[in-house]
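Enquirer: The structure that follows is given in the form of structure tokens.
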Amino acid sequence: MSSSKQTHNHATIKAWAEKHGGVPAIVADTVKGDNDGVLRIHFPKHSENKSDLKEIDWDTFFENFDSNKLDLLYQEEKSDGEESTFHKFINRE
């Protein structure tokens, strides 16, 4: 059985992403004016098309993450026990 976890802890998020080969990114065409862009954690090994994503550093990622009061909802593994890269950003409650 798979289960999701939720956090806004920077060290936990970075460790989870890097464990699964993820890098911080933004959707390139969402950067406009004061908008820093839509955040993503990109998994290059699992992606055929990354042209719409722009890699950013972790400091920039977490500045955007915190200013938007986000949490990361993520899974460690799928219900069949395989490694999971499922994640989404949700509003912090």
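Where a number appears in this text, it was derived from the coordinates with a stated rule and is not lab data. Small disclaimer: the values here were computed from a predicted structure and weren't measured. Methodologically, a virtual Cβ is constructed for each residue, glycine included, from the backbone with ideal geometry; neighbour enumeration extends over all protein chains shown.
Enquirer: Give the long-range amide H neighbours of Glu77: residues separated by 5 or more places, or on another chain, with amide H under 5 Å away, using H modelled in the peptide plane at 1.01 Å from N.
Expert: Answer set, sorted by chain and number: Ser3, Ser84.
Enquirer: Given 10 Å bins starting at zero, what is the percent of C-alpha pairs of the chain in each, up to the one with the largest pair distance?
Expert: Calculated P(r), rounded to whole percents: 16, 50, 30, 5, 0.
Enquirer: Of the candidates Ile56, Ile41, Ile26, which one comes out as most mobile in a Gaussian network treatment of the chain with C-alpha springs shorter than 10 Å?
Expert: Highest fluctuation of the listed residues: Ile56.
Enquirer: Based on the Cβ-Cβ distance of Glu83 and His8, what FRET efficiency does E = 1/(1 + (r/R0)^6) give at R0 = 22 Å, to the nearest 0.05?
Expert: Efficiency, rounded to the nearest 0.05: 0.45.
Enquirer: While we're looking at this one, here's another question. Using a Förster radius of 25 Å, what is the FRET efficiency between Arg92 and Lys45 based on their Cβ-Cβ separation? Nearest 0.05, please.
Expert: 0.30
Enquirer: How would the range 31-82 be classified by its alpha-carbon gyration tensor: rounded, prolate or oblate, with rounded meaning a/c under 1.5 and the a/b versus b/c comparison settling the rest?
Expert: Oblate, because a/c is 1.5 or more while a/b does not exceed b/c.
Enquirer: Can you pull out the GluC sites (Glu not before Pro) in the range 56-88 that DSSP calls coil and that have at most 10 other Cβ atoms within 10 Å?
Expert: Hits after loop and neighbour filter: Glu82.
Enquirer: Right, here's the next one. Spelling out what I want: for every residue of the range 30-38, take phi, set θ = phi - 60°, compute 6.51 cos²θ - 1.76 cosθ + 1.60 (Karplus), and round to whole Hz; glycine and proline get x.
Expert: Per residue, the Karplus-derived 3J(HN,Hα) values read 9, 7, 8, x, 7, 6, 6, x, 7 Hz.
Enquirer: Additional query: Report the relative contact order of the chain, percent, no decimals, based on alpha-carbon pairs under 8 angstrom and at least 6 residues apart.
Expert: 35
Enquirer: Next up: Determine the dipole magnitude for the chain: charges of +1 sit on the beta-carbon of Lys and Arg, -1 on that of Asp and Glu, nothing else is charged, the reference point is the Cα centre, and the result goes in debye to the nearest 20.
Expert: For this selection, approximately 100 debye.
Enquirer: Gaussian network model of the chain, Cα springs within a sub-10 Å range: biggest mean-square fluctuation belongs to which of Asp71, Asp34, Asp52?
Expert: Of Asp71, Asp34, Asp52, the Gaussian network model singles out Asp34 as fluctuating most.
Enquirer: Amide H to amide H under 5 Å from Arg92: which residues, 5+ apart in sequence or cross-chain, H placed 1.01 Å off N in plane?
Expert: When sequence neighbours closer than 5 places are left aside, the close amide H contacts are Leu70, Asp71.
Enquirer: Something else now. Before rounding to the nearest 500, sum -39500 (n - 2.57) across all DSSP H runs of length at least 4 in the chain and divide by the residue total; then give [θ] at 222 nm in deg cm²/dmol.
Expert: It lands at -6500 deg cm²/dmol.
Enquirer: Can you list the residues, at least 5 places off or on another chain, whose amide H is less than 5 Å from the amide H of Leu53, using H built in the peptide plane?
Expert: It is Ala28, by chain and number.
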